[in-house]
Amino acid sequence: MKENFTSRLPGFYKKGIKERLETITRLIELSDEEKKLLLNFGNLDPKIADSMIENVIGGMTYPFAIATNFKINNRDILVPMVIEESSVVAAASNAAKMLREGKGIVAIADRQYMIGQIHIVNVTAPRCKALKILEHKDEILDYANQQDPVLVKLGGGAKDLEVRVVETRRGPVVVVHLIVDVLDAMGANAVNTMAEAVAPLLTKITGGNVVMRIISNNAVYRIVRAWARTKPENVGGKDVAERIVWASLLAEADPYRAATHNKGIMNGIIAVALATAQDHRAIEAGAHAYAARSGSYKPLSYWEIDEEGYLVGSLEVPLQVGIIGGAVRVHPIAQIALKIMEVRKARELAEIMAAVGLAQNLAALRALVTEGIQRGHMRLHAKNLAVMAGATGNLIDKVAEIMIKDGKIRFDYAKELVEKLSKGEKI
Ligand code: MEV
């Protein structure tokens, strides 16, 4: 950090990418190599990057991988995943192999309906006004639909209205839900535009004050369900299958475990979301809200043994994903990801994501109830250390193996091994 350091940068947003980076290097010591790395946008055109978010000074590349073995709704699918965590792709591929029985993983997405919320405060006789709003339902829906004729023409648009009265510390608030079929979009833009548009109408009807007009990420009308079965021998035998059921029961009984259980599911879902440039925060928010819908935090998936002795898994999660508009439209890699999966509808993408979540969950539980996850993690970690220590080609595996065998998975040891083996010394 330099002496003249300040975070006040008026007009920073108006500059070009290089100019901004120059401004930053006047404040923070960055080497030429570091600047070059930042300015490497990889597969994203800097112009697109600069139009996606504000104050861009560079790009950051994540690995793009393919999870193999997936059979979903009787179709073999290659699943693109983008994630920073090792083992996730391997685990998903591994579990997908166990879930190929019959049609493979069956996944069915519900309607693609999102909720736009309008919060109205200072309403006199709120319960009566709630009904008055419903009396004007057609007019409100009509006005909402005038905001997006294209969506309506394609069969989507505002379909229904719900009104709730919610108690706050300052008294009751009228909450209107505009239920919108967003078809193949994630929906935030369409829904927010409609919610903002109908607000004055609601003010007129209620005599209150609208304070909020925004989509709800608690996407309870956009649920995807996935289920699959596998013979116990595929997971390592009856005993392992039984232990997986125990893992499921523990997640049901213990919210601390449920959070980690669901994190494992989201490892898969978010990796596909990142590969397809989705709003993954919306997906996470929706998933956790859904997990807590009963009032206590629950797992999104369940594992049981069926009457034939098969291990059966089922998962239910809201998935607010789109294949038109937003980043998915402008990021060329997101387009390639959709092409790889041959996805033509938002619901198909949601079905794949739910299936991946279920497989990811099985992989995690199986590892946890058997050898634990550290062994696999450590193998990849050892390889990463070997690469960081300068190993290339066959040397990577060799160095990793020795570190694992010696129980010393550390950077200094990786460096020592790389030096010795590169010189042809015997270990
Ligand atoms: C690690 O990223 C995910 C797990 O913790 C999930 C789980 O515990 O079920 C392995």
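Full extension from F5 to N394: what is 0.36 nm times the residue separation minus their Cα-Cα distance, to one decimal in nm? Mind dumping the intermediate values first?
Values: separation 389, 0.36 × 389 = 140.04 nm, distance 4.61 nm.
Net length gain for the segment: 135.4 nm.
Under 5 Å between amide H atoms, partner at least 5 residues away or on a different chain: which partners does M81 have, H built in plane at 1.01 Å?
Those qualifying (amide H under 5 Å, at least 5 residues apart or on another chain) are A65, I66, A67.
What's the long-distance tail for region 280-402, i.e. % of Cα pairs beyond 17 Å? Numbers along the way, then the final one.
Numbers: 5397 of 7503 pairs.
Value for region 280-402: 72 percent of Cα pairs lie more than 17 Å apart.
So which of K398/K420; K35/K415; K129/K204 end up more than 21 Å apart by C-alpha?
Beyond 21 Å between Cα atoms: K35/K415.
What Kirkwood Rh does region 375-422 have if only Cα atoms enter the pairwise 1/r average? Answer in Å.
On the way: mean 1/r = 0.1012 Å⁻¹.
So the Kirkwood estimate lands at 9.9 Å.
Given points 7 Å out from each Cα along the Cα-Cβ axis, report the A327 to K423 separation in nanometres with one decimal.
Simple spin-label model gives 4.7 nm for this pair.
Using a 1.4 Å probe and counting only protein heavy atoms, arrange W246, W227, W303 so the residue with the most accessible area comes first. Walk me through the numbers on the way to the answer.
Working: W246 155, W227 110, W303 5 Å².
Descending order: W246, W227, W303.
Roughly how many Å² of S216 are accessible to a 1.4 Å probe, to the nearest 10?
20
Across region 132-145, in residue order, what do the Karplus-derived ³J(HN,Hα) couplings come to in whole Hz, using 6.51 cos²θ - 1.76 cosθ + 1.60 with θ = phi - 60° and x for Gly and Pro?
5, 4, 5, 4, 9, 3, 4, 4, 5, 5, 4, 5, 4, 5
Please report Rg (one decimal) and Dmax (integer) in Å for the Cα set of region 114-216.
Rg, Dmax (Cα atoms, Å): 13.1, 43.
Round to the nearest 0.05 the FRET efficiency obtained for L368 and T168 when R0 = 45 Å and r is the Cβ-Cβ distance. Don't jump to the answer; show the numbers that get you there.
Details: r = 42 Å, r/R0 = 0.93.
According to the calculation, E is roughly 0.60.
Helix-only estimate, please: 222 nm mean residue ellipticity of the chain, summing -39500 (n - 2.57) across DSSP H runs of length 4 or more and dividing by its residues, to the nearest 500. Kindly include the intermediate steps, with their values, before the conclusion.
Working: 18 runs with 212 residues, N = 427.
Calculated from helices alone, the mean residue ellipticity at 222 nm is -15500 deg cm²/dmol.
May I ask for the distance between the Cα centers of region 143-187 and region 233-286, given as a whole number of Å?
A separation of 31 Å, based on Cα centres.
Using alpha carbons only, what's the Rg to Rh ratio of region 70-109 with Rh from Kirkwood? Walk me through the intermediate numbers first.
On the way: Rg = 11.0 Å, Rh = 10.8 Å.
Ratio of gyration radius to Kirkwood radius for region 70-109: 1.01.
For region 37-82 and region 380-401, what is the centre-to-centre distance using only Cα atoms, to the nearest Å?
25
What is the spread of the Cα atoms of region 17-120 along each of their three principal axes, largest first, in whole Å?
Principal extents (Cα only, largest first): 61, 48, 21 Å.
Arrange the residues Y413, Y13 by how much accessible surface each exposes, largest first, with a 1.4 angstrom probe. Show your work: numbers first, answer last.
Working: Y413 15, Y13 145 Å².
Correct descending sequence by accessible area is Y13, Y413.
Work out Dmax and Rg for the chain from the C-alpha atoms and quote the Rg first, both in angstrom.
So, for the chain, Rg and Dmax equal 25.7, 86 Å respectively.
Across all directions of projection, what mean area in square nanometres is found for the Cα convex hull of region 215-352? Write out the running numbers ahead of the final one.
Details: hull surface 37.2 nm².
Result: a mean projected hull area of 9.3 nm².
Under a 1.4 angstrom probe, counting protein chains only, how are L161, L38 ranked by accessible area, largest first? List each step's numbers first, then the result.
On the way: L161 10, L38 50 Å².
The ordering from most to least exposed comes out as L38, L161.
In whole Å, what three semi-axes, largest first, describe the equivalent ellipsoid of region 1-61 built from its Cα gyration tensor (square root of 5 times each eigenvalue)?
Numbers: eigenvalues 84, 46, 10 Å².
Rounded to whole Å, the semi-axes are 20, 15, 7.
Using DSSP to call loops (not H, G, I, E or B), can you name the GluC sites (Glu not before Pro) in region 65-173 whose Cβ has at most 15 other Cβ atoms within 10 angstrom? Present the calculation step by step, with values, prior to reporting the outcome.
On the way: sites: E84, E85, E101, E135, E139, E162, E167; in loops: E84, E85, E101.
Filter output for region 65-173: E84, E85, E101.
Can you tell me which of 283-294, 311-322, 352-363 comes out highest on packing, and rank the rest after it, using the mean Cβ neighbours within 10 Å? Numbers along the way, then the final one.
Values: 283-294: 17.9, 311-322: 24.4, 352-363: 30.7.
The densest-packed peptide leads the list: 352-363, 311-322, 283-294.
With only Lys, Arg, Asp and Glu charged, each at its Cβ (+1 for the first two, -1 for the last two), find how big the charge dipole of region 195-278 is about the Cα centre; round to the nearest 20 debye. Don't jump to the answer; show the numbers that get you there.
Numbers: 10 positive and 6 negative charges, 43 e Å.
The dipole of region 195-278 has a size of about 200 debye.
Quick check on my link table: of K97/K383; K159/K345; K18/K339; K71/K383; K18/K263, which ones sit more than 26 Å apart, alpha carbon to alpha carbon?
Table pairs above 26 Å Cα-Cα are K18/K339; K71/K383; K18/K263.
Return the percentage of antiparallel bridges among DSSP beta bridges fully within the chain, rounded to the nearest 5 %.
On the way: 50 of 52 bridges.
In the chain, DSSP labels about 95 percent of beta bridges as antiparallel.
Roll a 1.4 Å probe over the protein chains and send me the accessible area per residue for the chain in Å². List each step's numbers first, then the result.
Working: 22120 Å² over 427 residues.
In whole numbers, the chain has 52 Å² accessible per residue.
The values are calculated or read from the model by the stated rules, or taken from the named source; none is laboratory data. Only a predicted model underlies this, so the values are computations on that prediction, with no experimental measurement involved. No Cβ is skipped: glycine too gets one built from the backbone with ideal geometry, and neighbour counts run over all protein chains shown. Remember, those area values only see protein heavy atoms, side chains included, never the ligands or the DNA or RNA. Shrake-Rupley method; radii C 1.70, N 1.55, O 1.52, S 1.80 Å.
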